[in-house]
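Visitor: If you scroll down you'll find the structure; I have some questions about it.
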Amino acid sequence: MAPSRQPLSVFQPAPPHSVEAMTAFGTFARQRGVRRLWIGQSLHIESQLALAGLAARLPGLALGTAVALAPLRHPYQAAVEARSLSVMTGVPYVAGYGPGAQDFQRRLLAAPYDRPLRAMSEYADVMRRLLDGETVEHRGSHHTTRYRLPPMPDAPHVEVGLGVLRPGMARTAGQVADVAITWLAPYWYTRQVLLPALRRGAGERGRAVPRIASVVHAAVRRPGRRVNEAALAAVGPHLRSAHYCDMLRRAGVAVDPGRPEAGAAALVDSGVYVTGTPDEIAGHLRRYHEHGVDEIIVNVSGVLLTEGARAALHDLDAIIDAYESANEPRAST
């Protein structure tokens, strides 16, 4: 497969504590011409509110969530917010959602989702139908919607995404989502496990296969840098999570929820946490495209958390330079 000509996307590497800090990162993203700036679920300044503030300062910058947590809002509210952000930015928006950990659900809901796949299927389906202008009549296992959005015919398109770790959610995303969003999923696992499940789900509903957007953690190898510590800082909570560890073990990466330090080393050794020179990292990122990923989202949160924002932006700058250089068309001789 030929290298993609699409620019890289980038991930806001830490929950925003101020609009100023997020604007600085967004300004970098705009100056580098990235495809999209993504953010996870923030409980400091809430993600959608932070993106709205950013959109007011940097209109035209494409944005997305990877992922917001469904227990925090009704799907009608999620649809309203997603469309609002598309209007505020003036460009298409990606509203990515996931169920969150069972403990998080238990703290906010009357009971955790008894069938998470069904809950997220209903959530994404209601969002998509509302955004398409339908009057939705839905009484589901977790939400009821008997309403429609007021028309806004000039609103830019919103893609509805689902966070995907394992084949069950991939099949669900194939049935109802526009984008399947992965986190820590190796490119070989995406190709061998997730993509077939996406295709199966899409085929069951007679719809197009969702595109894949993958969050890839990275750090340039530099003198004195402890990449294992950066990896642990970036994804330590995920390495303590049973469902993330299950996904990684299915991909052949030896991790154990009780041994996050060893798990971080395994991520580095396996290339799931991507390290090396900028050129080596760029080559590794291209493998994601070669294995079916449409949008690569580079996350340097490990560097930010261990060395600060300046070092994180320095890494991102170098990685983007190397990736763009490798993708430049060569002059014929």
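Visitor: Within the group 119, 185, 180, which residue is part of a loop (DSSP other than H, G, I, E, B), in contact (Cβ under 8 Å) with a residue 24 or more places away in the chain and among the hydrophobic types (A, V, I, L, M, F, W, C)? Outline the logic, then answer.
Guide: Numbers: 119 fails: part of a loop (DSSP other than H, G, I, E, B); 180 fails: part of a loop (DSSP other than H, G, I, E, B).
Unique residue meeting the criteria: 185.
Visitor: Could you count how many residues in segment 117-131 are among the aromatic types (Phe, Trp, Tyr) and either surrounded by fewer than 24 Cβ atoms within 10 Å (Cβ to Cβ) or over 20 Å from the mean Cα position of the chain (by Cα) (or both)?
Guide: Quick first cut of segment 117-131, residues among the aromatic types (Phe, Trp, Tyr) only: 123.
Then keep just the ones that are either surrounded by fewer than 24 Cβ atoms within 10 Å (Cβ to Cβ) or over 20 Å from the mean Cα position of the chain (by Cα) (or both); that gives none.
The total comes to 0.
Visitor: Considering only strands (runs of 3 or more DSSP E) fully contained in segment 211-320, which possess at least 3 residues that are more than 15 Å from residue 189 (Cβ to Cβ)?
Guide: Details: elements: 211-220, 274-276, 295-299.
In segment 211-320, 211-220, 295-299 are the strands (runs of 3 or more DSSP E) which contain 3 or more residues that are more than 15 Å from residue 189 (Cβ to Cβ).
Visitor: Can you pull out the strands (runs of 3 or more DSSP E) entirely within segment 1-85 that have at least 2 residues that are of a type outside the set (A, V, I, L, M, F, W, C) and on the phi < 0 side of the Ramachandran plot?
Guide: Details: elements: 9-11, 37-39, 63-69.
Strands (runs of 3 or more DSSP E) meeting the threshold: 63-69.
Visitor: So how many residues does segment 134-146 have that are in contact with a Lys or Arg (Cβ under 7 Å, 6 or more places away or on another chain) and either in contact (Cβ under 8 Å) with a residue 40 or more places away in the chain or farther than 20 Å from residue 110 by Cα (or both)?
Guide: Residues of segment 134-146 in contact with a Lys or Arg (Cβ under 7 Å, 6 or more places away or on another chain): 134-137, 141.
In the following step, the residues that additionally are either in contact (Cβ under 8 Å) with a residue 40 or more places away in the chain or farther than 20 Å from residue 110 by Cα (or both) were identified as 134-137.
Going through segment 134-146 one residue at a time, the tally reaches 4.
Visitor: Continuing with this model, one more query. Just checking, which of 258, 203, 236 is surrounded by fewer than 19 Cβ atoms within 10 Å (Cβ to Cβ) and under 23 Å from residue 13 (Cα atoms)? Break it down stepwise before answering.
Guide: Details: 258 fails: under 23 Å from residue 13 (Cα atoms); 203 fails: under 23 Å from residue 13 (Cα atoms).
None of the others qualify; the one that does is 236.
Visitor: Those residues that are assigned to a loop (DSSP other than H, G, I, E, B) and under 19 Å from the mean Cα position of the chain (by Cα), I need them from segment 88-116; list them, please.
Guide: Of all residues in segment 88-116, those assigned to a loop (DSSP other than H, G, I, E, B) come to 90-92, 99-101, 109-115.
If the condition is that a residue be assigned to a loop (DSSP other than H, G, I, E, B) and under 19 Å from the mean Cα position of the chain (by Cα), then 91, 92, 99, 100, 101 are the ones that fit.
Visitor: Next up: Search segment 184-206 for residues being over 11 Å from residue 164 (Cα atoms) and of a type in the set (Ser, Thr, Tyr), and hand back the single one that is nearest to the chain's Cα centre (by Cα).
Guide: The qualifying residue nearest to the chain's Cα centre (by Cα) is 187.
Visitor: With 331, 312, 282, 266 as the choices, which residue is at pLDDT 95 or above, of a type outside the set (Lys, Arg) and more than 20 Å from the chain's Cα centre (by Cα)? Before you say what the answer is, go through the steps one by one.
Guide: Values: 331 fails: at pLDDT 95 or above; 312 fails: more than 20 Å from the chain's Cα centre (by Cα); 282 fails: more than 20 Å from the chain's Cα centre (by Cα).
It is 266.
Visitor: Among the residues of segment 195-221, write down those that are closer than 16 Å to residue 296 by Cα and free of Cβ contacts under 8 Å to residues at least 60 places away in the same chain.
Guide: Here is the first cut: in segment 195-221, the residues closer than 16 Å to residue 296 by Cα are 195, 210-219.
Listed by number, the list holds a single entry, 210.
Visitor: Would you pick out the residues in segment 37-64 that are touching a residue at least 40 places away in the same chain (Cβ under 8 Å) and either surrounded by fewer than 23 Cβ atoms within 10 Å (Cβ to Cβ) or in contact with a helix residue (DSSP H, G or I) (Cβ under 6 Å, 6 or more places away or on another chain) (or both)? Outline the logic, then answer.
Guide: Taking segment 37-64 and keeping what is touching a residue at least 40 places away in the same chain (Cβ under 8 Å), we get 38, 41, 64.
Of everything in segment 37-64, just one residue is touching a residue at least 40 places away in the same chain (Cβ under 8 Å) and either surrounded by fewer than 23 Cβ atoms within 10 Å (Cβ to Cβ) or in contact with a helix residue (DSSP H, G or I) (Cβ under 6 Å, 6 or more places away or on another chain) (or both), namely 41.
Visitor: Same structure, new question: Return the residue satisfying two criteria in turn: it lies in segment 12-36 and is out of contact with any Leu (no Cβ under 8 Å at 6 or more places or on another chain) and not small (Gly, Ala, Ser), and of such residues it is surrounded by the most Cβ atoms within 10 Å (Cβ to Cβ). Please lay out each step first, then the result.
Guide: As a first pass, look at segment 12-36 and keep what is out of contact with any Leu (no Cβ under 8 Å at 6 or more places or on another chain): 16-18, 20-21, 24, 31, 33.
Subsequent filtering for residues that are not small (Gly, Ala, Ser) retains 16-17, 20, 31.
On the way: 16: 23, 17: 12, 20: 10, 31: 9.
Out of the qualifying residues, it is 16.
The values are calculated or read from the model by the stated rules, or taken from the named source; none is laboratory data. Quantities reported herein were computed from a predicted structural model and do not represent experimental measurements. FYI the Cβ positions are ideal-geometry reconstructions off the backbone, even for glycines, and counts take in every protein chain you see.
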